[in-house]
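Each reported figure results from applying straightforward, stated rules to the coordinates on display, with no laboratory input. These numbers come from a predicted model, not from an experiment. Please note: Cβ atoms are built from the backbone with ideal geometry, for glycine as well, and neighbour counts cover all protein chains shown.
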Amino acid sequence: MQSAGLPFLTLALPLQGRDPAQKTLEASRSQFEVDREATLRLTKFIAADLRPFLFVQSPFFLEFLASLNSRYHPPVATTISRTHIRTLYDEKVTTVKQALAQAGPLSLCFDGWTDKYYSRSYLGVR
C-alpha cells in the first residue's frame, strides 16, 4: 500500500523486537536513497555523454534497467531536463566557484569554431 504524496513509504511485516513502523521507514528511506543515487548517476551519464533526455523512455533502456533493479523507475525526460539537470548544474557551479576561490592566478584558453554542415557553433574552454 502506498501513501498519497509519499510513494516510497510502504507497509512492512513486523520484525521481532522492533517497532514495525521504524523498520518500514528505514527500509523506505534506504530504497529512496538508492533511487535518488541512481537518478543522479543517470543524469550525469546523460549530461556527460550528451544523450537525449528521451533516452530514459526507450523501451530497451527500461528493459535493461528492470534487469538490473526492478524496483527502480527512472524519471521521465521532462523531469530530468527541468529538475535533475538543473540540480547537477548548480552542484557543478558551486564546486567550480569553490575551486576558483582557492586558486591562485588563472589563465583560460578559448577555442571557438562552427560546423558549417550542421550550422552548429562550439566553444571549448581549457
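Residue ranges 60-72, 33-45, 111-123 sort as 33-45, 60-72, 111-123 when ordered by packing (mean number of other C-beta atoms within 10 Å per residue, highest first). Specify whether the C-alpha gyration tensor of the stretch 20-103 places it in the rounded, prolate or oblate class, a ≥ b ≥ c being the square roots of the eigenvalues: rounded for a/c under 1.5, otherwise prolate if a/b is larger than b/c and oblate if not. It comes out oblate by the Cα gyration axes. Subtracting the Cα-Cα distance of Tyr72 and Ile85 from their residue separation scaled by 0.36 nm leaves 2.8 nm. Using the Cβ-Cβ distance between Asp111 and Phe60 with R0 = 41 Å, the FRET efficiency computed as 1/(1 + (r/R0)^6) comes to roughly 0.65. Backbone geometry of the stretch 42-54 corresponds, through the Karplus equation with coefficients 6.51, -1.76 and 1.60 at θ = phi - 60°, to 3J(HN,Hα) couplings of 5, 5, 4, 4, 5, 5, 5, 9, 6, 7, x, 4, 5 Hz, x marking Gly and Pro.
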